1. Can you name the number of the only condition in (1) part of a loop (DSSP other than H, G, I, E, B); (2) open to solvent by 50 Å² or more (accessible area, probe 1.4 Å); (3) of a type in the set (Val, Ile, Thr) that Ile76 fails?
2. With the requirement that a residue be free of Cβ contacts under 8 Å to residues at least 40 places away in the same chain, closer than 17 Å to Ala80 by Cβ, open to solvent by 30 Å² or more (accessible area, probe 1.4 Å) and not in a loop (DSSP other than H, G, I, E, B), what does the stretch 1-36 give you?
3. Residue check: is Asp40 part of a helix (DSSP H, G or I) and either surrounded by fewer than 17 Cβ atoms within 10 Å (Cβ to Cβ) or acidic (Asp, Glu) (or both)?
4. Go through the stretch 21-56 and report how many residues are of a type in the set (Phe, Trp, Tyr) and at pLDDT below 95.
5. Looking at the stretch 48-64, which of its residues are under 30 Å from Leu11 (Cβ atoms) and free of Cβ contacts under 8 Å to residues at least 12 places away in the same chain?
6. Which residue pairs have Cβ atoms closer than 6 Å, lie 6 or more positions apart in sequence or on different chains, and pair a first residue in the stretch 104-119 that is hydrophobic (A, V, I, L, M, F, W, C) with a second residue that is at pLDDT 95 or above and not in a helix (DSSP H, G or I)?
Amino acid sequence: MEIGFYELPPLKYQYNALAPNISEEQLRVHHTKHHQAYVDNANNALKKWDAARKDGTDLDLKSFLKDYAFNLGGHILHTAFWENLAPPGKGGDGPQGALADAIAKDFGGIDRFKKMFSQAAISTEGSGWAVLTFSKQTGRLGLMQLEKHHVNLVPDSPILLVLDVWEHAYYIDYKNLRAKFVEAFWGIVDWGTVSERFEKAR
């Protein structure tokens, strides 16, 4: 691909590695169809920008910026989502060290954190994401409930853990049962990656 454009990242595991929590078919469709579409659309937006720059025409900036933010947000969040997943039994038993301490301090323990994060995911209106974040300004962990890929975004809040609750993330395996998918998510979290993100963020 040309320099200056986005690319679909490879997964660090095989398409069948997350089963039974996420089936091979579900993961393959999600990664190669849905995520790829956000990559393609973000690149198409950049091509429109380049074409307008070259020929001096004006863009409908309101439309362009909304479209670009939506698709680039989808690409960034999906990339983070794949990275914070691991095959069942391979992602660790839960948060350790400083991350475990921070979760205990800011949420009251891992069980309460999982309950709150799950509630954020399940109650997201329409399509969106549940996100665990960290604020350097307050030194606190926090939650975001992103609608689409960019609505309700809190700037300067690094992503530590993210869960996709668009229907395309679970419709093959769980039909319309989002809560079942959220429950299954906890069995494939890569806590090592979440801890690494936390150490980098703070």
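1. So Ile76 meets the others, but not (1).
2. Once the filter is applied, which keeps residues that are free of Cβ contacts under 8 Å to residues at least 40 places away in the same chain, closer than 17 Å to Ala80 by Cβ, open to solvent by 30 Å² or more (accessible area, probe 1.4 Å) and not in a loop (DSSP other than H, G, I, E, B), the stretch 1-36 yields only Gln36.
3. Working: part of a helix (DSSP H, G or I): yes; either surrounded by fewer than 17 Cβ atoms within 10 Å (Cβ to Cβ) or acidic (Asp, Glu) (or both): yes.
Considered against the rule, which asks whether it is part of a helix (DSSP H, G or I) and either surrounded by fewer than 17 Cβ atoms within 10 Å (Cβ to Cβ) or acidic (Asp, Glu) (or both), Asp40 comes out as yes.
4. First, pick out the residues of the stretch 21-56 that are of a type in the set (Phe, Trp, Tyr): 38, 49.
Checking the rest, the ones that are also at pLDDT below 95 come to 49.
Total meeting the criteria: 1.
5. Asp50
6. Short answer, once both residue conditions are applied: Phe117/Ala130.
The values are calculated or read from the model by the stated rules, or taken from the named source; none is laboratory data. Keep in mind it's a predicted model, so treat the numbers as computed, not measured. Backbone-built Cβ (ideal geometry, glycine too); neighbour counts: all protein chains shown. For the accessible areas, the whole protein counts, side chains as well, though only heavy atoms, and no ligand, DNA or RNA atoms are used. Shrake-Rupley method; radii C 1.70, N 1.55, O 1.52, S 1.80 Å.
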